[in-house]
Each structure stands twice: as C-alpha cells, then as structure tokens.
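Chemist: Below you'll find the structure I mean.
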Protein chains: 2
Amino acid sequence: MKATGIVVEYNPFHNGHFHHVNQAKQLSGADVVVAVMSGQFLQRGEPAFADKWTRTEMALRGGVDLVIELPYVFATAQASEFARGAITLLDALQCESFCFGSEQGEIEPFVNSLELLEANRQAYDRLIQERVQTGISYPKALNDAYLSLTHGLEGFVDLTMPNNILGYHYVEAAHASKSAMRPLTIQRIVAGFHDPLQRGVSIASATGIRNAFFEGESIEQLSAYLPQASIQLLERFHAEQNGFVGWEQLYPLLRFTILREGPTALARFADVTEGIENLIYDAAKQAGDFESFISRVKSKRYTRTRIQRMLTHIFTGYTKQSLTNGQPEYIRLLGMNKAGRNYLHEQKKAIPLPVISRAADLKGAMGQLDIQASALYLQAIGASSLKKEYTTPPIYIGGNSAK
Amino acid sequence: MKATGIVVEYNPFHNGHFHHVNQAKQLSGADVVVAVMSGQFLQRGEPAFADKWTRTEMALRGGVDLVIELPYVFATAQASEFARGAITLLDALQCESFCFGSEQGEIEPFVNSLELLEANRQAYDRLIQERVQTGISYPKALNDAYLSLTHGLEGFVDLTMPNNILGYHYVEAAHASKSAMRPLTIQRIVAGFHDPLQRGVSIASATGIRNAFFEGESIEQLSAYLPQASIQLLERFHAEQNGFVGWEQLYPLLRFTILREGPTALARFADVTEGIENLIYDAAKQAGDFESFISRVKSKRYTRTRIQRMLTHIFTGYTKQSLTNGQPEYIRLLGMNKAGRNYLHEQKKAIPLPVISRAADLKGAMGQLDIQASALYLQAIGASSLKKEYTTPPIYIGGNSAK
C-alpha cells in the first residue's frame, strides 16, 4: 500500500479540506491518506475550535485514513519547527509523498526558491537581520529579504501567502532531513486563509466559518460549507460543551493565570521575550475580554499570532526551560479507518518510532506536555470531560468514508 | 481617646460579632474599637464568603470604628504567625488593650498557661516532637504535650478549643513583643466555632451561617442571626456577584492551576511539604468538585485546614521563596467612621508604620502580595470587579453606628 501525507489542523473540517483529501489521493496515486494533525492548540497560538477527537472523527468521515497527533511542541511553534515536526512524522510513517494546499498551486516554484535560498543562505540571513533591526515584524523581514534575492522574478514561490509559507517549510524540512518523500501541492480554491465567509460559494476558510459561529450563526446555517458528517459532529460537541472554543472562552482562565504569575515570572514561558511580559501583565489587569486584551498587546512588531503563541505557552505552563529542539519521539494515534489500520499493520516494522495508542504510554517530557496541554484544554471547556485525555482510545471507524 | 483592639474575619459579621464589639468596648472602657481584619483569604485557608469591602462595611455598621487589613502573609498563616501579625498592628495603632472572644471567658488561665509554657519551653518542645513522630496532626501533638505539662489541672486554659488557641497566641505574641496592651477576653456565647445553625437562637457561628447559605437558604431566612445592615450588604454582594464565595466556587480555577503547575512545581508553594504535592495533583486530576477533591487529600495527619492553606498559597502563587518572617510593614486602612478617623488623626505621630489608603502606595513584597491575592480573588468571582483592589478608597461612614 502507498500512502501520501498531509499536515492539517481541521479547525473545523470543511468542504475545502474534503477537496484537499481527494486531490491528494488523486495526485499522489496513493492508497491511503495519512494526516498529522495538531492537538488542542494550534499553530496560530489558539485553542482548537473543537477538541482533537471531534476533529479526528471529522477527518475520518471526510476521507482521511489515518490521523496522528502533531506533538504540542511542534504544533504551536513557528512555521519551520511546525514543518520539521510534521514532515519527520510523515516520513517515519513511510509516506511515499506529501501533499499540501497552497496559493501557488504548483510545486516547481517551491523547489526553485529552496535552491535559491540554499545557495544564498548567508546573504539571506544578513538581509533578514538588517530588516529586523528596522523594527518590523519577523515575517515581514523574511519576505523583504526574500524579495531582495528573487528580484520579484517569476518561477519563485510567493512567500507573502500563508499557505505558501507553510508549504515552503515542508519542502525545506523534507530536503533537510533527506526524506525520500515526493513533495506535491494542490491549488487552494476559492477562499483565502483568513477570508470572511462568502455566501453562495461552497468553500469557505476555517477562520471564516469559526467567526460565523462566534457571531451567532447556527451550525445548520453553515451547512453549505461543511460536509454533513462535520455538521453532526460539531453539533454533538456544541451540545456537550455549551459552545465552541476560542481565546474569548478561555480568557478568564488565561487572565487569572497571567495575574497569578506576575510580570517577572511571565518572562520564563516559551517565546515570551524582550520585556513584553509587562505589557501582557498590564493588559490583563485592565482588559475584561480577550479582544480588548490582545488589542492592547499587539503591535507592528508583535503580531497577533506571535502574541497568541506566547499566551498559549503561558496558559499551558510551557517554559523556556522545557523547550526541546529534539525530534518527534512517538507516533500518537488519534484515529483510523480500516484502510488506515491495514496500512499501519503493513508498515509496522518499517516505522522507526513507537506507535502509541494510550496516553499512559507517553513517558517522556514531549508526551507529558501533550497530555498536560490537552488536560488543561479539556478542563477549561468543562471539567466533566477531563478524563478524556487519559482514557480515549484511538477512534476507529469500520466502513469506508463518504461525504 | 482610648482604643481597644480586636482581631476578626467577619465571614460574615453576625449577632455574635455585634455582641463581641459591644462587650469589648464595655470591658475595656475604650472610646473606639479598632479591628484588624483578614482580607480576601482567611486563616483556615479559605476564600472569604464576601469581599473585604463588604465585610468592612458590615463591621462599621456593626459598631467597629476603624478597620485595617491583616496582610495576607499573616492572615493565612498558622495561629502563632497570624497572632503575631495582628497583635503587632494593634500595638502599632496604640491600642490600650486587646479583647478576644474565647470559650474560656476569663483571662487568668491564659496568663497562667503562658507562664507555665515559658518556664518549660524545652520540655514542651521535646514532647511535641515526640508526639509528631507518632504520625498524629500537629495541633493534636501540641495539645498532648500541653496536657502532659498541665496534668489537666484547673487554672490553665483549655487548648482544645479553637478560640482559646487563637487567644493564647494573642497573649503570647503580646508578651513576646513586650507590648503594653492589656489582654482581655469575653465569653463566646451560645454557638461554637463550627456549630451548625440552631433554630430559635439568635447567635450562630459564621460557619453555620455560611453553610446555610450554600445549602440554599435565603439571606432573609437568616435574619435572626445577622444585624439588619449585614443582611443588606450581603444581599448587595450576592446580587452583584451572583452568589457567595467558597472553595467550591473557585474550584475550577484552583483545579486548572494545580494541573497546570504539575506535581513537581506544586512543591514550591508555601506550606506544601513532604510529598503531598503528588496527592494534590492526582486528586485534581480525578475530582470534579471541591468536596470530593479535599476528601481525597485530607487525612489524620493532614487536616482540612492545613490542606486548605496549601491550596490558598497555590491559588495565589505564594511560594516558599516569597515567605517572609518579617514584621508588618504598613497599616492598610479598609474603613472607618468619624470616631475612627478622629482617633487616627490624634495618634498619627505615635504610629510607627506608614498608614496606607491607596493600594498604589503599597510598595514592598508584603503589600504586593496583598494586592495580588485580592486581585485574583476578585477576578475569580467576576472579572468586572477586578479594578476594585486598585481603586477602592477606605470606606467612610459619617454617622454613628447602630444595629
């Protein structure tokens, strides 16, 4: 059996994701699609809209054959670390290819850009440093440096687009680890990453869908954008948890935690740098809701995403000391269908990492952090479900998937 | 003007307290009653039933002339430290006497016991150590040692009674600091410290009153036990905060904090000793409510009060490192009436500590801890009121107090 790997958050799983899964299978010619999915906290520094089991089941119902968890340390990191963790796991799972959605839509520009930057690494790093020192954000500095090298010529990937950036890092990570996986990309269609919901179009961004929910739209009203299985699963989660999850819902706990730590101690959490701890502390003292809190902290230099990542680490108690630059240490199964199970069985001996089904088998610091982050998320959304992290086995759905 | 000092929690202020204030004035012949009151967290390791301003106003309406705050570090400490902080402050405020309620009801036995223990300090300490090593609780060991010295003879104070214990520590603290204050005591009447509410009797313990509220009795139904002013103020607090405060209400935040810290880090908080951090952590993982949590942690050796004090320090982030064995550094005014204000004005030059009206003027670590504990309490009971700690001036009521 041949597998293609994808890197996902499914926050939530919508029609665009369904399209991506199908395209990945088609383009790669693979028998199974393996997804490495973030757990309860996501790359933009946010708690997941619905818990990881709900999102796993959406993925399986939407055509994914095997879902494994991207450990917290990678799932909440900046793009290069995020990509390194995800690609390492897909490679360990013996995927023959990996396939990502991008604004670019073709793989050659990614490869061209990688070769260009590899060949001009020193000049590139120097240009980035120069730009950073002017006080602009790091992503902006990266892009300025990149444009200085490509001179805006065609044939290179446009690194102002968020999915292109992630995709570039996947390609780079696969190259750096000498992976044999073929890189593939498909064109993202219709809705951009952050686009608001557009009526009369059946694909919308996950951000647009989440915002529509938070602004009071019912799940049913959004049925044009979500597979039927996603709607049912989201309705179940919504009923059980009295709503969906975002920073606004977790703000009372976040605020309590910030005030309790105090400004000096805040500096010890991962990614909290350069005196911003005082700004975070003062904002928490003043702001009664998350939006007014973040608007007091973010700036041209500190983007919302960067701040949110700090907040995620403060929330979960992830300190600089606990930072590891290590490799993924395990493959934690979140769910599979029959084909996924068969694939796993077939590849068992080739997979160089332990395959973990029960949280209790996660022994090291990296796994403990996954458990802790998940338990805190679960407690924050309703104490009754706290045991889930310790007791939920991988989800298995017997039949074949259908929309 | 002559003042007598009292040490109070007023959780809440009831008819028994009203009686105590009047008796203190009468017995001492003082013109004003000065109360040193705990803030948002209390000596038994519990959050206050109602915030400190509500309790201050109840005190003033009930006949107290001046209310100052006992700093957190003393208010949540074991009896000897609690007493040392309170007595030091009353002495600093130039009280001519201090007056406490006790089961004993007469002051001579306290003085006799003090002299006996002072004279046999080494033997006493050795007896305590021997008893502790048998695995019994510290309070029990203290009492066993004490009985070995007094041989159960009359003329000594009965140190099995909670108010006698506190009273003994007041007398001891005043003696140790060579205070000129006269010690006075009045008989506690009718209801014991922890007695359940008894119908047809107009004095009930604060514990009994709180339990009755938590079990669903209305404030109005308890009017036989509370001055009219207390009822009105409790009704106001109840309406503003959607209820009264106890560990059960704060448990989601406490549980989140315990899980977030993890067992190893829990050991760094004040009073958390001897491996109990693992028990606390595991109980938080399992228990969905506070009562089932504490029943998993408490034992013959670790009393409920001792555990609750650990929990208070975990909740407020008060570590062993931040422990100070220092003296009270300031007198923080919570409220006064006209007589209290006059007294303060008259004694101004004699008071050896800074008198603080605004939280912003609390500069040292001891004061910062008071602010932090109060802010966390306020955030826990409803974010809208968080600013109170920083902006509330001392309460002033112009007229004379009446029931």
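The values are calculated or read from the model by the stated rules, or taken from the named source; none is laboratory data. Model, not experiment: these values are computed from the prediction. Don't worry about glycine lacking a Cβ; one is built from the backbone with ideal geometry, like all the others, and counts go over all protein chains shown.
Chemist: Test of understanding: among B:250, B:254, which residue is buried (at least 18 other Cβ atoms within 10 Å of the Cβ) and either in contact with a strand residue (DSSP E or B) (Cβ under 8 Å, 6 or more places away or on another chain) or on the phi > 0 side of the Ramachandran plot (or both)?
Modeler: On the way: B:254 fails: either in contact with a strand residue (DSSP E or B) (Cβ under 8 Å, 6 or more places away or on another chain) or on the phi > 0 side of the Ramachandran plot (or both).
Selected residue: B:250, the only one of B:250, B:254 that is buried (at least 18 other Cβ atoms within 10 Å of the Cβ) and either in contact with a strand residue (DSSP E or B) (Cβ under 8 Å, 6 or more places away or on another chain) or on the phi > 0 side of the Ramachandran plot (or both).
Chemist: May I pose another question? Could you list, in sequence order, the residues of segment A:289-315 that are surrounded by fewer than 16 Cβ atoms within 10 Å (Cβ to Cβ) and within 14 Å of chain B (Cβ to nearest Cβ)?
Modeler: Selection gives A:289, A:291, A:292.
Chemist: Within segment A:87-96, is even one residue surrounded by fewer than 23 Cβ atoms within 10 Å (Cβ to Cβ), within 24 Å of residue A:394 (Cα to Cα) and either at pLDDT below 95 or among the small types (Gly, Ala, Ser) (or both)?
Modeler: Taking every residue of segment A:87-96 in turn, at least one turns out to be surrounded by fewer than 23 Cβ atoms within 10 Å (Cβ to Cβ), within 24 Å of residue A:394 (Cα to Cα) and either at pLDDT below 95 or among the small types (Gly, Ala, Ser) (or both).
Chemist: Additional query: Hey, can you tell me all the residues within segment A:359-371 that are within 14 Å of another protein chain (Cβ to nearest Cβ) and either more than 28 Å from residue A:311 (Cβ to Cβ) or without any contact (Cβ under 8 Å) to a residue 60 or more places away in the chain (or both)?
Modeler: In the first step, residues of segment A:359-371 are kept if they are within 14 Å of another protein chain (Cβ to nearest Cβ); the result is A:359-360, A:365, A:367-371.
Those that are within 14 Å of another protein chain (Cβ to nearest Cβ) and either more than 28 Å from residue A:311 (Cβ to Cβ) or without any contact (Cβ under 8 Å) to a residue 60 or more places away in the chain (or both): A:359, A:360, A:365, A:368, A:371.
Chemist: As an exercise: evaluate residue B:226 against (1) hydrophobic (A, V, I, L, M, F, W, C); (2) under 25 Å from residue A:262 (Cβ atoms); (3) surrounded by 21 or more Cβ atoms within 10 Å (Cβ to Cβ) and give the number of the one condition it does not meet.
Modeler: So residue B:226 meets the others, but not (2).
Chemist: Which residue is farthest from the chain's Cα centre (by Cα), if the candidates are limited to segment B:346-358 and must be exposed (fewer than 13 other Cβ atoms within 10 Å of the Cβ) and touching a residue at least 60 places away in the same chain (Cβ under 8 Å)?
Modeler: Result: B:350.
Chemist: Still on this structure: Could you please find all residues in segment A:285-314 being over 24 Å from residue A:79 (Cβ atoms), touching a residue at least 12 places away in the same chain (Cβ under 8 Å) and either over 23 Å from the mean Cα position of the chain (by Cα) or assigned by TED's automatic domain parsing to the domain that holds residue A:134 (or both)?
Modeler: A:285, A:287, A:289, A:293, A:296
Chemist: For segment A:254-268: of the residues being of a type in the set (D, E, K, R) and farther than 17 Å from residue A:292 by Cα, which is nearest to the other protein chains (Cβ to nearest Cβ)?
Modeler: Filtering segment A:254-268 down to residues of a type in the set (D, E, K, R) leaves A:255, A:260-261, A:268.
With the extra rule that they be farther than 17 Å from residue A:292 by Cα, the set shrinks to A:260-261, A:268.
On the way: A:260: 4, A:261: 7, A:268: 11 Å.
If we take residues in segment A:254-268 being of a type in the set (D, E, K, R) and farther than 17 Å from residue A:292 by Cα, then A:260 is nearest to the other protein chains (Cβ to nearest Cβ).
Chemist: Continuing with the same structure: Of all residues in segment B:238-253, count the ones that are within 11 Å of chain A (Cβ to nearest Cβ) and touching a Phe, Trp or Tyr at 6+ places or on another chain (Cβ under 8 Å).
Modeler: Final tally of qualifying residues: 3.
Chemist: Scan segment A:269-284 for residues that are within 12 Å of chain B (Cβ to nearest Cβ) and surrounded by 16 or more Cβ atoms within 10 Å (Cβ to Cβ) and jot them down.
Modeler: If the condition is that a residue be within 12 Å of chain B (Cβ to nearest Cβ) and surrounded by 16 or more Cβ atoms within 10 Å (Cβ to Cβ), then A:269, A:281, A:284 are the ones that fit.
Chemist: Which of the residues that make up segment B:316-337 are in a loop (DSSP other than H, G, I, E, B) and within 14 Å of chain A (Cβ to nearest Cβ)?
Modeler: B:317, B:318, B:321, B:322
Chemist: Of the residues B:163, B:112, which single one is of a type outside the set (A, V, I, L, M, F, W, C), in contact (Cβ under 8 Å) with a residue 40 or more places away in the chain and in contact with a Ser or Thr (Cβ under 7 Å, 6 or more places away or on another chain)?
Modeler: Working: B:112 fails: in contact with a Ser or Thr (Cβ under 7 Å, 6 or more places away or on another chain).
Testing whether each residue is of a type outside the set (A, V, I, L, M, F, W, C), in contact (Cβ under 8 Å) with a residue 40 or more places away in the chain and in contact with a Ser or Thr (Cβ under 7 Å, 6 or more places away or on another chain) leaves just B:163.
Chemist: Hey, another quick one. Please determine whether any residue of segment A:338-345 is within 14 Å of chain B (Cβ to nearest Cβ) and either surrounded by fewer than 21 Cβ atoms within 10 Å (Cβ to Cβ) or at pLDDT 95 or above (or both).
Modeler: Within segment A:338-345 (the criterion being within 14 Å of chain B (Cβ to nearest Cβ) and either surrounded by fewer than 21 Cβ atoms within 10 Å (Cβ to Cβ) or at pLDDT 95 or above (or both)), the answer is no, since none of the residues qualifies.
Chemist: Among helices (runs of 4 or more DSSP H) lying entirely in segment A:66-173, which contain 2 or more residues that are closer than 30 Å to residue A:346 by Cα and touching a helix residue (DSSP H, G or I) at 6+ places or on another chain (Cβ under 7 Å)?
Modeler: Numbers: elements: A:72-75, A:79-92, A:108-119, A:121-132, A:138-150.
Result: A:72-75, A:79-92.
Chemist: Which of the residues belonging to segment A:13-35 are assigned to a loop (DSSP other than H, G, I, E, B), touching a residue at least 60 places away in the same chain (Cβ under 8 Å) and either touching a strand residue (DSSP E or B) at 6+ places or on another chain (Cβ under 9 Å) or of a type in the set (Phe, Trp, Tyr) (or both)?
Modeler: Result: A:13, A:30, A:31.
Chemist: What number of residues in segment A:359-375 are under 18 Å from the mean Cα position of the chain (by Cα) and surrounded by fewer than 15 Cβ atoms within 10 Å (Cβ to Cβ)?
Modeler: 0
Chemist: If you don't mind, another one. Which one of the conditions (1) out of contact with any strand residue (DSSP E or B) (no Cβ under 8 Å at 6 or more places or on another chain); (2) under 23 Å from residue B:289 (Cβ atoms); (3) more than 13 Å from chain A (Cβ to nearest Cβ) does residue B:220 fail to meet, given that it meets all the rest?
Modeler: (2)
Chemist: Could you identify the single residue in B:372, B:379 that is over 23 Å from residue B:8 (Cβ atoms) and assigned to a helix (DSSP H, G or I)?
Modeler: Among B:372, B:379, only B:379 is over 23 Å from residue B:8 (Cβ atoms) and assigned to a helix (DSSP H, G or I).
Chemist: If we keep just the residues of segment B:382-403 that are within 11 Å of chain A (Cβ to nearest Cβ) and in a helix (DSSP H, G or I), which is modelled with the lowest pLDDT?
Modeler: Per the stated criteria, the residue is B:383.
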